[in-house]
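Asker: Take this structure, written in structure tokens, and hold onto it; I'll ask about it next.
What follows draws every value from the coordinates through simple rules; no lab data is involved. All of these numbers come straight from a predicted model, not from anything done at the bench. No Cβ is skipped: glycine too gets one built from the backbone with ideal geometry, and neighbour counts run over all protein chains shown.
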Amino acid sequence: MIYRFKENRVWRAYTGGKRIDAFHGKANPANSRMPEEWLASTVEAFNPDRPVKGEGLSVCESGSLFRDVLKENPEKILGKELSDRFGGNMSILVKLLDSAERLVIQCHPTVEFAKEHFGSMFGKTECWYMLDCEEEACVYLGFKPGITKEKWQALFKAQDTAGMLDCLHRFRVKPGDMWFVAGGVPHAIGGGCLMIELQEPSDLMVIPERVTPAGIVLKDQKLHGGLGFEKMFDCFVYRGYSEDETRKKYYRKAVLTDNGFSTVVGNDLTDRFSMKALRVNGKANVDLADRYAVVIVTAGEGVIKTQDETLNLKKSNNFFVTADSGSLEFLGNMELIFCIA
């Protein structure tokens, strides 16, 4: 079965979203404090600066909350294996993210750290697939060699943002690039990036910058995520790599072939999720092998056929494919990204 959703924009502590508007073909696209769209989401956003109950939760076109729909039949929607493994919960979260400015430096927990300190079965390993980038767009990712916990804490206490950024590698980005971000790895997304973000389903993070690049002062709770200012520095993994090592470890380039899956994120990077690209040139058949997926049409238009339904598709459409959908047939000329549990 396929589920489609109402638009689900989420408030964040940075500006952006103009490219999301343009991606959807909206008139007069504009930046705002709603720079992300969460797709097929069962996760609530953590916004202590602006708490809104239920923010981030996706609503189906029928008007039902997707989280409630999932609770009614998790085995059918998620597949028995994944439903049993994660207690009937989705194990991925997918977003469209558009940054008009650099995001603050942040770090997300590993699964082990999240279990011990946040009481969560999920960390926040993630990856970024670039859809559109300004010419000078970049990301910051991973410690350089020699960065210690003591040095990182000292930079935080001094609020030396330039010094903190200098501890990280800076990489230029282009459409089709994929950067993988393991739990514990510090990072920051630069301005001018429209991306698909695939991640574990949490909004857990720690942030060493008290003030965003736009001048917004963040609450202490947003910085340490409830851990406190001493414990938050244990969330970081203090293992540095050279620039070449970091690129080899975390960078992949999507290479699309006609009418078959191309792996973007595979088992060589993580066992938490996978990402595959599909370019349809006429007709393509794919089988998710009892996995569920969030799918985004990134270019073109066409049709998807399942054993139960047929839907027209165009650029920017996104939808959820249940684990029991069987073989999927795509007709037309289009490109799609599959975010697979």
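Asker: Counting other beta carbons within 10 Å of each residue's own, what order do 32, 316, 327 fall into, fewest first?
Answerer: 327, 32, 316
Asker: Separate question: Of 169, 108, 117, which is the most mobile in a GNM of the chain whose springs link Cα atoms less than 10 angstrom apart?
Answerer: Per the Cα network of the chain with a 10 Å cutoff, 117 tops the list.
Asker: Another question, then. Quick one: what do you get for the stretch 16-164 if you divide its Cα Rg by 2.2 N^0.38 Å?
Answerer: On the way: Rg = 18.7 Å, N = 149, 2.2 N^0.38 = 14.7 Å.
Dividing the Cα Rg of the stretch 16-164 by 2.2 N^0.38 Å gives 1.27.
Asker: So how many Lys-Lys pairs in the stretch 235-341 land under 27 Å Cα to Cα, not counting same-chain pairs under 8 apart?
Answerer: Final tally of qualifying lysine pairs is 14.
Asker: Using 5 Å bins from zero, what percent of all Cα-Cα pairs in the stretch 83-148 falls into each bin?
Answerer: Per 5 Å bin, starting at 0, the Cα pair percentages come out as 3, 11, 17, 21, 18, 14, 10, 6, 1.
Asker: Say we join alpha carbon atoms closer than 10 Å with springs in a Gaussian network model of the chain; which of 320, 273, 118 then has the biggest fluctuation?
Answerer: Fluctuation is largest for 118.
Asker: How large is Rg over Rh for the stretch 163-228, taking Rg from the Cα atoms and Rh as the Kirkwood inverse mean of 1/r across Cα pairs?
Answerer: Looking at the stretch 163-228, the ratio lands at 0.96.
Asker: Further, regarding this structure: State to the nearest 20 debye the size of the charge dipole of the chain about its Cα centre, where the only charges are +1 on K and R beta carbons and -1 on D and E beta carbons.
Answerer: Details: 44 positive and 47 negative charges, 94 e Å.
Its charge dipole is roughly 460 debye.
Asker: Among 208, 51, 175, determine the one that fluctuates most according to a GNM of the chain built with springs between C-alpha atoms less than 10 Å apart.
Answerer: Most flexible of the set in this elastic network: 51.
Asker: Given the chain, what whole percent of its Cα pairs are spread farther than 34 Å? Working shown, then result.
Answerer: Numbers: 12309 of 57970 pairs.
In whole percent, the share of Cα-Cα pairs in the chain beyond 34 Å is 21.
Asker: Sticking with this structure for a sec: Using amide H atoms built 1.01 Å from N in the peptide plane, name the residues 5+ places from residue 143, or on other chains, whose amide H lies under 5 Å from its own.
Answerer: Amide H neighbours of residue 143, under 5 Å, 5+ apart: 241.
Asker: Please report the spacing between the Cα centers of the stretch 172-225 and the stretch 237-272 in Å, no decimals.
Answerer: The distance from the Cα centre of the stretch 172-225 to that of the stretch 237-272 comes to 18 Å.
Asker: From Cα coordinates alone, what are the radius of gyration and Dmax values for the stretch 222-261 in angstrom?
Answerer: Rg and Dmax of the stretch 222-261, Cα atoms, are 18.0, 51 Å.
Asker: Taking amide H positions as placed 1.01 Å from N in the peptide plane, with prolines and chain starts having none, which residues 5 or more places from residue 299, or on another chain, fall under 5 Å of its amide H?
Answerer: Residues meeting the criterion, in which the H sits 1.01 Å from N, are 316, 335.
Asker: Return one quarter of the surface area of the convex hull spanned by the alpha-carbon atoms of the stretch 35-89, equal to its mean projected area, in nm².
Answerer: One quarter of the hull surface, i.e. the mean projection, equals 4.7 nm².
Asker: I've got another one for you. Give the share of C-alpha pairs in each 5 angstrom bin for the stretch 261-340, from 0 to the last occupied bin, in whole percents, shortest bins first.
Answerer: 3, 16, 27, 28, 17, 6, 2
Asker: Same structure, new question: Most exposed first by the Cβ proxy, i.e. fewest other Cβ within 10 Å, how do 249, 174 rank?
Answerer: The fewest-first ordering by Cβ neighbours comes to 174, 249.
Asker: Next question. With no solvent and one equal point scatterer placed on each C-alpha of the stretch 143-280, evaluate the Debye formula and give log10 I(q)/I(0) for q = 0.13, 0.17, 0.20, 0.22 Å⁻¹, two decimals.
Answerer: -0.67, -1.08, -1.38, -1.54
Asker: What is the helix-to-structure angle for 149-158, meaning the angle in degrees between its Cα long axis and the longest Cα principal axis of the chain, kept from 0 to 90 and rounded to the nearest 10?
Answerer: The two axes meet at around 80 degrees.
Asker: Roughly how many nanometres apart are two label points built 7 Å out from the Cα toward the Cβ at residue 150 and residue 220?
Answerer: Distance between the two pseudo-spin positions: 2.6 nm.
Asker: Then there is this: Can you work out the Karplus-derived ³J(HN,Hα) for every residue in the stretch 96-105? Use 6.51 cos²θ - 1.76 cosθ + 1.60 with θ = phi - 60°, whole Hz, and x for glycine or proline.
Answerer: With coefficients 6.51, -1.76 and 1.60, one gets 9, 10, 10, 9, 8, 9, 5, 6, 5, 4 Hz.
Asker: What ranking of 98, 324, 84, 271 emerges when the number of other C-beta atoms within 10 Å of each C-beta is taken as an exposure proxy, fewest first?
Answerer: 271, 84, 324, 98
Asker: Note down the relative contact order for the stretch 2-253 as a percent, whole number, built from C-alpha pairs under 8 angstrom at least six residues apart.
Answerer: Once normalised by length, the contact order is 23 percent.
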